[in-house]
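What follows is a set of notes on a single structure, which appears directly below.
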Amino acid sequence: MEQVSLDYQKDPRKGGVLESASKRVRMIFSVMASPNRIDILRILNTKGPLTYSELKALAGFKSKKESGKFAYHLRKLLRQLLVALNKAERRYTITNLGKLVLSLARQIEERSIIESGKMYVRTSRHTIEEFNSHKIIQSLVREANLPLEQATKITEEVENKIYKFQTSYLTSSLIRETVNSVLIEHGHEEYRNKLARLGLPSSDIVELLSSEEAMRNGIEGVMSRTAGSVFSEYLVFNTMPKDIADMHLAGEINIVSTPVWGLVPDTVFFDLAELEQGLDLRGQFLNVARLPAIKTVDDATSALPLIISLLSREASSEIVLEGIIPALLKNAKDPEELASRFARALVASSAAPSFTLELPAATIAVATDGIDSKYLNALLDGYRKYVDATPVPRIGLALTNSGKSAIRESLDHVAAAVRGGGMISINNGQLRANNGIRKSESAGKGSATATVALHALSINLPRLAYESNKDETYFRAKLALMIKPSLAAMSMRKKTIIDNIKRGLTPAITSGSQSMQRGGSNIVINLIGTKESVYNILGHEGPSGAEIMQKVLKTSADVVAMQGRQLGEDSSAGISMIADGSGLRFASLDSEKYGKVSLLQTQNTTSYTQGMTLNGKTILSDGTAVQECISIDKLVNGGLATSVDITDLAQSEVIRALEAATELPFFRPRIALGICTTCGHKSKAISERCEACKSPHKLQVYS
Ligand SMILES: [Zn+2]
């Protein structure tokens, strides 16, 4: 192996060769003159220490012929003390002086690019390209619709700023920030909003990754939270009319589930009996098995997990499946076998993956007319098995009937499932989702498989009441003024979502609604805190309160109907009173604004009332409670969610209370439960620690 003579390197001062400082600098600069030598330094800096032959190979001196050249360059580096040889290991390393020279070379290189006007941009498409101001002009014109002349002026200014920054790490996001700040300086706020990049600050991502939620929901939760924040921002600051966005931010209204508000409908009714040809996903989900028409028991059992999984990505609040039970009941003989088959299908459906943050509830509609009560009880028992196996169940049942008789015989089975945390609603007549939203009546005609309802916009009635000086007429006038822009926003949203459905953004709904007509979709404005507004804030008590409440609801429904006609919504616009989480947000914002707010303490929460809650004990002692609820239900044409709270009732009282409640067009028996987030144990008692595992982590759930 060749070796370089190292005499000179041992001690440069030996033999009187004590170079002057300026000569040393000159010598070092001459070393830098060769790109080969800078290369050698760079290699040693990143890969060193290296043997002679390793270094030679890495520096690209491959052939024998080049050996002399390499030796020459290395000798120069050694002589100027930029490289040293560790004799014991026979390896070359870069010295501190060498590192300094290398860094100087890099700085000179970068600065010369800047001075020459050549800058390189790291783009978000993961490329590196020369800075080109024409691209700024282009995106100002194309993305923000800025007139060319103005775009050129703005770009000139941006270019000057960027040169002045003298940054060594220019990214497309930095350029965009600069463009936006120049636009703001010139008062072009609207253009800036169009150009703004949406997303999270990196510190939020760091926080998110170490959050408790990340531990609980895993990587999917992190990804959907990140994506959700982009779409929330896009919705509120880019696409929504400014007046509506401000009403939402101020807490006068609440836009529920902002991440998916502009993308998918809220409640979807999907009738599997109408799927004569099966579900054709039009090549959208190439990796999903084609869903055949549901004819047999096996079809129904295997279709349930698939359809719940598919539809769960296409609604924000709830999916309601009709037509699966008749297939499941076909040729049923042994009730016990039916119960365990149903339980197995539900358990298999419970792990449905989804890209949305909050999975929508899934409800299976059971038309009880004509079902033998032993089979109805078997279905309810199967459902209870699933509920018992699931800490917080997501799948519920909606029992519909036209008579009541069949359901009356099964109320004890209903109560047992609810006590375990099950979600069961009892519908008298027209079907509603478990959240209380009615299925569009016009949609029942024809053979549409999928019908949708949009209802994720709620109005804060207590806020209006606080601002109305106890004047009920003024209050209703204010409410009418609030409804108009809200309905207009919902009508706009409906157009977007129907367009999304037509374009196939929601493959399951798309294939289930090939002939979706106008009547196939409802828009509904939700009212929150109606009771507090009328009774507590406006101060109407007893019968006069009930009268005012009806008046308020009548006004709301009339305004919605009138405004709906003007928007071309005809009969598909309505009002609702359902629980959507807005009550909590409104109560917390209002308590900041007004100090303490009055809440009806029926549910032991810090939320305004959402929907109607009837106490089980009240129903048993006072028949008028149910009657009052029935008359309110008539006015709330988009859907009233009535809950019957059976938490405080003894077992024998529960059945009597439910029997009395079957007069209602719709109700859900509910119970307060404590669920241990460590082991999943459920308990009725409100204790500090879990009885099963003694963990302090408990979740309060109102089933
Ligand atoms: Zn526990």
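The values are calculated or read from the model by the stated rules, or taken from the named source; none is laboratory data. Keep in mind the model is a prediction, meaning the values are calculated, not measured. When we count neighbours, we look across all protein chains shown, and the Cβ atoms used for this are built from the backbone with ideal geometry, even at glycine. Heavy atoms of the whole protein, side chains included, go into the accessibility calculation; ligands, DNA and RNA do not. Shrake-Rupley method; radii C 1.70, N 1.55, O 1.52, S 1.80 Å.
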Sum of -39500 (n - 2.57) over DSSP H runs of 4+, divided by residues of the chain (222 nm, nearest 500)
-15000 deg cm²/dmol
Tell me the label-point distance for the pair Glu691, Asn160, using the 7 Å Cα-to-Cβ offset, in nm and rounded to one decimal.
7.6 nm
Residue among Leu97, His134, Pro201 farthest towards the positive dipole end of the chain, charges placed on Cβ:
Leu97
The chain: relative contact order as a whole-number percent, Cα under 8 Å and 6+ apart
9 percent
With no solvent and one point per C-alpha, what does the Debye sum give as log10 I(q)/I(0) for the chain at q = 0.08, 0.10, 0.12 Å⁻¹?
-0.75, -0.99, -1.33
Relative to the present Cα-Cα distance, how much length would full extension add between Ile219 and Lys554 at 0.36 nm per residue of separation?
115.9 nm
Using θ = phi - 60° and the Karplus curve 6.51 cos²θ - 1.76 cosθ + 1.60, what whole-Hz ³J(HN,Hα) does each residue of region 573-578 get, with Gly and Pro shown as x?
9, x, 10, 9, 10, 9
Could you derive backbone 3J(HN,Hα) for region 264-269 from the dihedral phi with the Karplus parameters 6.51, -1.76 and 1.60 (θ = phi - 60°), listing whole Hz in sequence and x where the residue is Gly or Pro?
10, x, 8, 10, 10, 9
Find out how many positive minus negative residues lie around Glu220, taking Lys and Arg as positive, Asp and Glu as negative, among other residues whose Cβ is under 13 Å from that of Glu220.
+1
Sort 224-237, 550-563 by packing, meaning the average of other beta carbons within 10 Å per residue, with the highest value first.
550-563, 224-237
List every residue whose amide H lies under 5 Å from the amide H of Ile319, counting only residues 5 or more places away in sequence or on a different chain, with H placed 1.01 Å from N in the peptide plane.
Val268, Ala361, Ala362, Thr363
Rounded to the nearest 5, what % of the DSSP beta bridges within the chain are antiparallel ones?
40 percent
Put +1 on the Cβ of every Lys and Arg and -1 on every Asp and Glu Cβ in the chain; which of Ala489, Leu310, Leu411 then has its Cα farthest towards the positive end of the dipole?
Leu310
With +1 assigned to the C-beta of every Lys and Arg and -1 to the C-beta of every Asp and Glu, and no other charges, what is the dipole magnitude of region 362-452 about the Cα centre in debye, to the nearest 20?
240 debye
Residue list for region 404-432, given a label point 7 angstrom along the Cα-to-Cβ vector of Ser350 and an amide N cut-off under 19 Å
414-425
Taking amide H positions as placed 1.01 Å from N in the peptide plane, with prolines and chain starts having none, which residues 5 or more places from Ala398, or on another chain, fall under 5 Å of its amide H?
Ile364, Ala365, Val366, Ser425
For a paramagnetic label modelled at 7 Å from the Cα of Glu109 toward its Cβ, which residues of region 145-181 fall within the zone defined by backbone nitrogen distances under 15 Å?
168-169
Heavy-atom accessible area of Asp246, protein chains in place, probe 1.4 angstrom, given in Å² to nearest 10, is 100 Å²
Disulfide-incompatible cysteines by the Cβ rule (no partner under 4.7 Å) in the chain
Cys629
Provide the packing ranking of 623-629, 358-364, 422-428, i.e. peptides ordered by the mean count of other C-beta atoms within 10 Å per residue, highest first.
422-428, 358-364, 623-629
What net charge do the residues around Tyr702 carry, taking every other residue with its C-beta under 9 Å from that of Tyr702, with Lys and Arg at +1 and Asp and Glu at -1?
0
Could you tell me the calculated FRET efficiency between Lys495 and Thr51, based on Cβ-Cβ distance and R0 = 51 angstrom, to the nearest 0.05?
0.10
Given the peptides 260-272, 55-67, arrange them by the average over their residues of other C-beta atoms within 10 Å, most packed first.
260-272, 55-67
With r defined as the distance between the Cβ atoms of Thr606 and Leu200 and R0 fixed at 41 Å, what FRET efficiency is calculated, to the nearest 0.05?
0.90
Under the 0.36 nm per residue contour assumption, what length would be gained going from the current alpha-carbon distance of Asp648 and Glu66 to full extension?
200.2 nm
May I ask you to derive the relative contact order of region 539-606, considering only C-alpha pairs under 8 Å and at least 6 residues apart, and to give it as an integer percent?
17 percent
Assuming R0 = 22 Å, can you tell me the calculated FRET efficiency for the pair Lys684 and Glu337, based on Cβ-Cβ distance, to the nearest 0.05?
0.10
Within the under-12-Å Cβ sphere about Cys679, not counting Cys679, Lys/Arg +1 and Asp/Glu -1 give a net charge of +3
So the angle from the long Cα axis of helix 582-594 to the longest Cα principal axis of the chain, reported in degrees to the nearest 10, equals 80 degrees
Debye-sum result for region 290-345 in log10 I(q)/I(0), which assumes one identical scatterer on each alpha carbon, at q = 0.19 Å⁻¹:
-0.69
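Compute the length gained on full extension between Arg90 and Thr662: take 0.36 nm times their separation in residues and subtract their Cα-Cα distance, giving the result in nm to one decimal.
Contour length minus the Cα-Cα distance gives 196.7 nm.
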Inter-label distance for Arg122 and Glu189, nm, one decimal - labels placed 7 Å from Cα along Cα-to-Cβ
3.4 nm
Applied in sequence order to region 376-386, the curve 6.51 cos²θ - 1.76 cosθ + 1.60 (Karplus, θ = phi - 60°) yields integer Hz couplings, x standing for Gly and Pro, of 4, 4, 5, 4, 5, 5, x, 4, 5, 4, 4
